[in-house]
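Okay, so here's the structure we're looking at.
Throughout, read-outs are computed from the coordinates displayed, never taken from laboratory work. These numbers were taken from a predicted model, which means no experiment stands behind them. Positions of Cβ are backbone-derived with ideal geometry, glycine not excepted, and every protein chain shown enters the neighbour counts.
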């Protein structure tokens, strides 16, 4: 098994399930409705909905970077606003998240191991290579999964 296939598997587990640590992003979202997703039970904290839009934005940014683009997200792209808090909009947001994640996993799976130590486009730090970025997106998914788990406790 290639290193990129292993990395893609870790990204998948953090998001879809079978993660060592516990519940994945999707497992945590399984019983969340639009009202709970849009709620702000903790002052100055993002909602579950805002977090999933953020996860999708970064999954897409990493996918585009893997494709050779130098990607920087604006504040609005980083944490998009929820403008429609209906159930239909929530389901659409979750489907977008799943689709973006699937595209990322496919891109990492197909990424050549020989390029893992190459610098990510637009990044200047010595350590910011593709291996670092792909490992980092796993950490990103899990960090926000933890936030979602805490927000769910404030029903």
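Helix 48-66 and the longest principal axis of the Cα set of the chain meet at an angle near 10°. Measuring nothing but how far apart in sequence close Cα pairs (under 8 Å, 6+ apart) lie, relative to its length, the range 3-152 scores a relative contact order of 36 percent. Between 0 and 90 degrees, rounded to the nearest ten: what's the tilt of helix 3-16 against the longest Cα principal axis of the chain? Roughly 0 degrees between the two axes.
Between helix 130-152 and the chain there is an angle of about 10 degrees, using the helix long axis and the longest principal axis of the Cα atoms.
Measuring between their Cα centroids, the range 39-64 and the range 83-136 lie 14 Å from each other. Each peptide in 46-54, 3-11, 106-114 was scored by the mean count of other Cβ atoms within 10 Å over its residues; highest first, the order is 46-54, 3-11, 106-114.
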